[in-house]
Each structure stands twice: as structure tokens, then as C-alpha cells.
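Peer 1: Encoded as C-alpha cells, here's the structure I'll be asking about.
The values are calculated or read from the model by the stated rules, or taken from the named source; none is laboratory data. Note that the coordinates shown come from a computational prediction; the quantities given were computed from them, not determined experimentally. Cβ: placed from backbone, ideal geometry, glycine included. Neighbour counts: every protein chain shown.
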Amino acid sequence: MRRILTLSVYPSFIVALLMAFPLVHPGSLIAQPVPEVFYINEFTMHIYSGMRPGSSSSYHYFYAHAQDNPLVVNSIRRVYSYACDGETTTTDTTFVFGGSFEQHDGYFICRGPGGESSGTVPPYRSSRITNDGYYLQDDYSNDIANTDHVMRIWYQYNDDMKLTRAIYKRNLSSWSRLDCEVDSLGRRVQEVMYSSADSLIWVPQRRICYDYTGEPSGLEADFEKYMSYPPIRNVISGTTKPLYINNDWRIGTISSSYWSNNEWEGDYPIPYVLQEMETGYCLYLGASYWAWDWHGLPTNLCSPNGYSDVPGYIIKYSHTSQVEVDDGLLVPVVRLAMWPNPSRGYSQVRLDLAYQTRVSVKTYNIKGQLLKSEEYLHGPEPYVWNACDKGGSGLPSGVYVIRLEWKGGSASTRIAVVQ
């Protein structure tokens, strides 16, 4: 008997891949292993109808992936349920989907399901993704040839791979644009949604401002990286798009305002409290509930909590580093932590390894550039990391990636430096 186990430590080496937007240079196809990234294997949409009290419907999609590449979806099983007056009817349908995967130099293109369906087959979502899991472009189409576009999305990042702009083109006619202002510590302090009929003249619609407590979050989740993962086609600012959570700093309040009579109106602060739960993190905001898993992947978006006719999305993920092992063979769990974080000079590195071994400690900036490489003999005492480069000069304030490598394994974490 064989079973599937998920590796607990995923390589998270950050590759600096910046591409020109909106044009992306394709490069040549090359033979490489399947990138180690998360992918969706189950998607559910719930709708509670206000037209008939007590009635609800749900669509459950189960994706069957190719055996040699889990990023390829071969077929989809859709279970539709409708409940009304105490009775439930269910239909169960499986159909061929026809997903695909193309490996390029530094990125890949994956054609998969695009979320809920208004017809027989869910829309196709063709995504251009870096090998370390950052979305660069999304095309939602009703045909496998990717020509009948429902929506196109382009994502732009700064040098630290923080999202600065997302451009949405709906039904080849209307446009939306999300501009994000990021401060020197990599924190999003403001986002503004614009609309346009021709992508030339942009009219502001909504603004969200983020106010931070000044405390580090102490979380290992990568919320910002995974905000583009849910297959939400009808992107509406503040409702169906995932909420912004900063990876390293706690958000205290947010305020939202609307553009009216050539000025911003509203702007009332709302508490923004991220809570830990058994499966990850959750946040209540107004009448909505949001949830993320321990990695920072959005798993529950805008569930109905006081409103009817508001769909709730539940998403389940897997990772391409899943391996098949025999029963009785345990996959070790290795934990890496650094404290204090943020660091003002020195921090302790604690690696949860049960044996003594030589360990290399590599420090990268968020672009993926190696700043220094050190080595120590792992033992019961923590290793002391100094926030400086190989020449001894102090690192400027910002977020850095610390990667530990030893014979038989590796682990990575992020640390914020405040000088």
C-alpha cells in the first residue's frame, strides 16, 4: 500500500525575474523539471438566494491531474447541488477539460480551470507564472484556443517583487486598473482602483489605505505572493479579490473611500485583526469572512455572513513537491526560525535538526542576489546572523531571504532589517 505525503519544507529560493509589461518576451522552450509551486485541486462556490428564503445552491469542482505533471488538468468532475424547502437535488458530471503546460526559460504557461462555470465547462485560465510562483499574466477564455477572452490580467511588480499594478481588461471592452503604493519597508500603504473605457483615460473609483501598528507580524506565511492564485474572474475591488495581508508587518486599520465630485469621500477606519485558527488564519471584515492556510494561500473568500446572494468561495490546494512514499517511511519536518525579527543588527537562527551537520547560510536580497555566504556546524546552540554583507557593511532596511543548506535538505525564511 502506498500513500501521498506532502513535504513540509518547500524550496523558496527567490529568483529575480522581472519582465516588461504589458509585453512579455516568450523565450525558448527548454526541458526542465516541473516547478515546485502550489496548484488548485478543488474549488467550491456557494450561493444563498435571497429570491427564495431558505434556498441555496453550490458548485463543487474536482480536478483530475495528469500523473506525470499535476499542473495539467485532464478532466473535471462537477457536482451541483440545489437545496430548497428541505429537499436537495444533485447532479454529478465529469467532462474532459484539456489543460496544458509549457516550460520556458524562467517561467511557465499553464492552462487550467478558471473558477465557476456559467455553462457546461468552466472557463479556461491560461496563466504565465515565474518558476518560483509569481503570476505575471492571466487570460480567462471560453475556448481552449485562448481567443474568446472573458478577462485578461497583467501583474506588475517592483524590484522587491511587491505588486505595484494590476491591469484588468474585461470582455475586450472595459478596463480596470489597481495601483498599489509600497513604502520603503515593502508595505502596501494605499491602493486605488481606476476604470476606463479605452485604457487611455482613467477615472478613480475606490481607494483603500492601510495603517500599520509598527509591530512585526512574526508570521512565515507568504500572503502577498499568493493573492493572485484564486481563480476569480469578476474582479471587484474589495469584494471578490483577496484581501491584502502584509507578510512581515501587522495592519491595524484600513480605511476605504470612493471618488465622488472630484474628491475622495468616506475614509472611515475599520479594525483589521488577523487571527490564528486551527487551519491557518482568518479575518472578519464587516459582513464577510476571509481565511488563509498556514502558507498564506487564500482558502475562503467572501463567505456569506449576513448577506444573501453573495457567493462564498472555498479553495483547496496541493503542491507539486508531493512525493509518493511507502508506508512507514516518514518525511522529516524541518523548522527554521529567526529571532528577533525584524533585526536591528543580530538575530539567532534556530534550525530544528536532530543531528549535527555542516550548514551553509546564504543571505539574498528580495531580487535573488546573493549578498553573503557563511557556514557553521549545526548543534544545540543557535547560529548568530549579522545583518551585514560579505564586506561587513550593514544591510539597509528592507526584507531579506535567508537560505540554509545542508547535506540532505534546505530551508528558507525571510527577515526584516530595520537600521
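Peer 1: Does Arg128 count as assigned to a strand (DSSP E or B), more than 30 Å from Gly368 (Cα to Cα), assigned by TED's automatic domain parsing to the domain that holds Tyr155 and among the basic types (Lys, Arg)? Lay out the reasoning, then the answer.
Peer 2: Working: assigned to a strand (DSSP E or B): yes; more than 30 Å from Gly368 (Cα to Cα): no; assigned by TED's automatic domain parsing to the domain that holds Tyr155: yes; among the basic types (Lys, Arg): yes.
Judged against the criteria, Arg128 is not a match.
Peer 1: Does Lys169 satisfy the criteria of being under 24 Å from Ile314 (Cα atoms) and either basic (Lys, Arg) or buried (at least 20 other Cβ atoms within 10 Å of the Cβ) (or both)?
Peer 2: Numbers: under 24 Å from Ile314 (Cα atoms): no; either basic (Lys, Arg) or buried (at least 20 other Cβ atoms within 10 Å of the Cβ) (or both): yes.
Considered against the rule, which asks whether it is under 24 Å from Ile314 (Cα atoms) and either basic (Lys, Arg) or buried (at least 20 other Cβ atoms within 10 Å of the Cβ) (or both), Lys169 comes out as no.
Peer 1: Still on this structure: Among (1) among the charged types (D, E, K, R); (2) within 18 Å of the chain's Cα centre (by Cα); (3) surrounded by fewer than 18 Cβ atoms within 10 Å (Cβ to Cβ); (4) part of a loop (DSSP other than H, G, I, E, B), which single condition is Asp143 missing?
Peer 2: With (1) among the charged types (D, E, K, R); (2) within 18 Å of the chain's Cα centre (by Cα); (3) surrounded by fewer than 18 Cβ atoms within 10 Å (Cβ to Cβ); (4) part of a loop (DSSP other than H, G, I, E, B) applied to Asp143, the lone miss is (2).
Peer 1: Select, from Lys390, Lys372, the only residue that is part of a loop (DSSP other than H, G, I, E, B), modelled with pLDDT of 80 or more and within 22 Å of Ala416 (Cα to Cα). Explain how you work it out, then say what you get.
Peer 2: Details: Lys372 fails: part of a loop (DSSP other than H, G, I, E, B).
Of Lys390, Lys372, the one residue that is part of a loop (DSSP other than H, G, I, E, B), modelled with pLDDT of 80 or more and within 22 Å of Ala416 (Cα to Cα) is Lys390.
Peer 1: Another question, if that's okay. From the list Ser184, Ser141, pick out the single residue that is in the same structural domain as Trp259 (by TED's automatic domain parsing) and more than 30 Å from Asn365 (Cα to Cα).
Peer 2: Among Ser184, Ser141, only Ser141 is in the same structural domain as Trp259 (by TED's automatic domain parsing) and more than 30 Å from Asn365 (Cα to Cα).
Peer 1: Looking only at segment 149-160, decide whether some residue is more than 30 Å from Val79 (Cα to Cα), part of a strand (DSSP E or B) and among the β-branched types (Val, Ile, Thr).
Peer 2: As a first pass, look at segment 149-160 and keep what is more than 30 Å from Val79 (Cα to Cα): 154-160.
Going one step further and asking which of them are part of a strand (DSSP E or B), we end up with 154-157.
From what's left, among the β-branched types (Val, Ile, Thr): none.
No, because not a single residue in segment 149-160 is more than 30 Å from Val79 (Cα to Cα), part of a strand (DSSP E or B) and among the β-branched types (Val, Ile, Thr).
Peer 1: Going by the conditions given, is Ile167 assigned by TED's automatic domain parsing to the domain that holds His46, in contact with a Lys or Arg (Cβ under 8 Å, 6 or more places away or on another chain) and over 25 Å from Asp222 (Cβ atoms)? Give the derivation first.
Peer 2: Numbers: assigned by TED's automatic domain parsing to the domain that holds His46: yes; in contact with a Lys or Arg (Cβ under 8 Å, 6 or more places away or on another chain): yes; over 25 Å from Asp222 (Cβ atoms): no.
So Ile167 does not fit the description; no.
Peer 1: Would you mention how many residues in segment 399-418 are more than 22 Å from His295 (Cβ to Cβ) and either among the acidic types (Asp, Glu) or buried (at least 19 other Cβ atoms within 10 Å of the Cβ) (or both)?
Peer 2: Of segment 399-418, the ones more than 22 Å from His295 (Cβ to Cβ) are 406-408, 417-418.
With the extra rule that they be either among the acidic types (Asp, Glu) or buried (at least 19 other Cβ atoms within 10 Å of the Cβ) (or both), the set shrinks to 417.
Looking only at that region, the number is 1.
Peer 1: If I ask for residues that are surrounded by fewer than 13 Cβ atoms within 10 Å (Cβ to Cβ) and either closer than 18 Å to Pro231 by Cα or not assigned by TED's automatic domain parsing to the domain that holds Ile314 (or both), which ones from segment 74-119 would you list?
Peer 2: Start the filter on segment 74-119 by keeping residues that are surrounded by fewer than 13 Cβ atoms within 10 Å (Cβ to Cβ), which leaves 85-96, 118-119.
Within segment 74-119, Ser118, Gly119 meet the criteria.
Peer 1: Which members of segment 291-320 meet the condition of being at pLDDT 85 or above and among the aromatic types (Phe, Trp, Tyr)?
Peer 2: Selection gives Trp292, Trp294, Tyr317.
Peer 1: Does Leu200 qualify as being surrounded by fewer than 20 Cβ atoms within 10 Å (Cβ to Cβ) and either closer than 30 Å to Ser412 by Cβ or modelled with pLDDT of 95 or more (or both)? Before the answer, list the steps.
Peer 2: Numbers: surrounded by fewer than 20 Cβ atoms within 10 Å (Cβ to Cβ): yes; either closer than 30 Å to Ser412 by Cβ or modelled with pLDDT of 95 or more (or both): no.
Spelling it out, it is not the case that Leu200 is surrounded by fewer than 20 Cβ atoms within 10 Å (Cβ to Cβ) and either closer than 30 Å to Ser412 by Cβ or modelled with pLDDT of 95 or more (or both).
Peer 1: Which residues, counting only those in segment 78-108, are charged (D, E, K, R), under 27 Å from Ser321 (Cα atoms) and at pLDDT below 90?
Peer 2: Let us first name the residues in segment 78-108 that are charged (D, E, K, R), namely 78, 85, 87, 92, 102, 105.
From the residues that got through so far, the ones that are under 27 Å from Ser321 (Cα atoms) too are 78, 102, 105.
Scanning segment 78-108 gives Arg78, Asp105.
Peer 1: Can you confirm whether Gln205 is surrounded by fewer than 19 Cβ atoms within 10 Å (Cβ to Cβ), at pLDDT 90 or above and closer than 16 Å to Thr164 by Cα?
Peer 2: Numbers: surrounded by fewer than 19 Cβ atoms within 10 Å (Cβ to Cβ): yes; at pLDDT 90 or above: yes; closer than 16 Å to Thr164 by Cα: no.
No, not satisfied.
Peer 1: If you take the residues of segment 174-197 that are in a strand (DSSP E or B) and of a type in the set (S, T, N, Q), which of them is surrounded by the most Cβ atoms within 10 Å (Cβ to Cβ)? Steps first, please.
Peer 2: Step one: list which residues in segment 174-197 are in a strand (DSSP E or B), which gives 174-182, 188-196.
Still in the running and of a type in the set (S, T, N, Q): 174, 176, 190, 195-196.
Working: Ser174: 14, Ser176: 21, Gln190: 14, Ser195: 17, Ser196: 15.
My answer is Ser176.
Peer 1: Answer yes or no as to whether Val323 is in contact with a strand residue (DSSP E or B) (Cβ under 8 Å, 6 or more places away or on another chain), of a type in the set (Val, Ile, Thr), closer than 27 Å to Leu71 by Cβ and modelled with pLDDT under 70.
Peer 2: Judged against the criteria, Val323 is a match.
Residue-by-condition table, conditions (1) crowded, with 19+ Cβ neighbours inside 10 Å; (2) at pLDDT below 80; (3) among the aliphatic types (A, V, I, L, M):
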site	(1), (2), (3)
Ser217	yes, no, no
Glu224	yes, no, no
Ile232	yes, yes, yes
Lys241	yes, yes, no
Ile245	yes, no, yes
Arg250	no, no, no
Ser260	no, no, no
Trp264	no, no, no
Pro269	no, no, no
